[in-house]
Amino acid sequence: MEMLGIDIGGSGIKGAPVDLDSGEFTRERLRVDTPHPAEPEPVAEVVARIVEHFGWTGPVGATYPGVVVDGVTRTAANVSGKWIGLDAAELFSEAAGNPVTLLNDADAAGIAEMRLGAGKGETTGTVVMLTLGTGIGSALFTRGVLVPNTEFGHLELHGHDAESRASAKAREDHDLTWEKWAKRLSHYMAHLEGLISPSLIIVGGGVSRKHDKFLPLIEDVRAPIVPAALLNTAGIVGAAMAAAEAHGSGA
Ligand code: BGC
């Protein structure tokens, strides 16, 4: 079965129809620059454009880089404040002329990793996926079931919002060496481990492609830490899976 997934990020909005069993795209992915400022109406127009590009009819899954409860976007750490309290799922559905299921971006990536990637078969313990990008996203699974909107990227780390110290953007903004960044990540992950005792930590986000540069440097964390397997397709695939599930046809 196929479903259209759309990943809304800070620089690009990407969509593709996904084969839910294999996680493969059935058509070439379309990427559109994220409008600036990334406010609801212009983003909804891009979502509609992507749906139209694929001639898609039926449910669509989309991600949002913040808390989403029942289609309503509740936070906006790295996007316009206009999203807060908005029924974004309804806005997108109207713009696209199709029902849009909306979920947090890290939750979507986590769903895809658990089903087809680095978390496949992890059905007994607690797994946490962390996406290291502009911010830090998190997805928590216990016995394979998602606890949505965990927002562990905003834990306090040495008096700061953790993502401002340990995201991939923080590494670039502060010109940190891999060693220095790995030290910050170690503190962050050890803190998180103290709170939730995961049996596995999956690290995603674009920088996870370079995992050999920093994962071996992580210290003082007991849980195994593995890089994500799906990399930049996870958001689209997870969004498609969430839409299928919302419409009673999950893979
Ligand atoms: C947001 C999360 C999001 C993460 C990655 C954080 O700033 O609060 O909701 O998952 O960035 O985009």
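Bear in mind these aren't lab numbers, they're just calculated from the coordinates by the rules spelled out. These numbers were taken from a predicted model, which means no experiment stands behind them. Every residue, glycine among them, receives a Cβ derived from its backbone with ideal geometry; neighbour counts consider all protein chains shown.
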Highest mean first, what order results for 56-69, 199-212, 104-117, 220-233 on Cβ atoms within 10 Å?
104-117, 56-69, 199-212, 220-233
Which three numbers, in whole Å and largest first, are the semi-axes of the equivalent ellipsoid of the range 120-228 derived from its Cα gyration tensor as √(5λ)?
21, 15, 13
Between ALA190 and LYS210, what is the label-to-label distance in nm when each label sits 7 Å out along the Cα-to-Cβ direction?
2.4
Take the alpha-carbon centre of the range 95-134, take the same for the range 185-201, and report the distance between them in whole Å.
19
How much of the DSSP beta bridge set in the range 120-228 is antiparallel, as a percent to the nearest 5?
60
Go ahead and run the numbers for FRET between SER11 and THR124, Cβ-Cβ distance against an R0 of 30 Å, rounding to 0.05.
0.20
Just going by the charge dipole of the range 1-156, with Lys and Arg at +1 and Asp and Glu at -1 on Cβ, which of PRO37, GLY81, TYR64 is farthest out on the positive end?
TYR64
The long-range amide H neighbours of ALA118, using H built 1.01 Å from N in the peptide plane and a cut-off of under 5 Å, are ALA229, LEU230
Would you work out if the range 168-239 is rounded, prolate or oblate? Take a ≥ b ≥ c from the square roots of the eigenvalues of the alpha-carbon gyration tensor; rounded if a/c is under 1.5, else prolate when a/b is larger than b/c, oblate otherwise.
oblate
Which order do the peptides 29-41, 73-85 come out in when sorted by mean C-beta neighbours inside 10 angstrom, highest first?
73-85, 29-41
Quick calc, the chain, dipole around Cα centre from Cβ unit charges on Lys, Arg (+) and Asp, Glu (-), nearest 20 debye, gives 620
Say R0 is 30 Å: what FRET efficiency, to the nearest 0.05, do SER197 and GLU172 get from their beta-carbon distance?
0.45
Under the rule a/c < 1.5 gives rounded, and otherwise a/b versus b/c splits prolate from oblate, where does the range 11-153 land using the Cα gyration tensor?
oblate
Could you tell me the largest-minus-smallest coordinate of the C-alpha atoms of the range 75-133 on each of the three principal axes, in descending order and whole angstroms?
38, 27, 18
If unit charges are put on Cβ atoms (+1 for Lys and Arg, -1 for Asp and Glu) and the dipole of the range 120-228 is taken about its Cα centre, the option from ALA139, PHE214, THR123 lying farthest towards the positive end turns out to be THR123
Counting only DSSP beta bridges with both residues in the chain, tell me the antiparallel percent, nearest 5.
65
Could you give the C-alpha radius of gyration of the chain expressed as a fraction of 2.2 N^0.38 Å, taking N as the number of residues it contains?
0.96
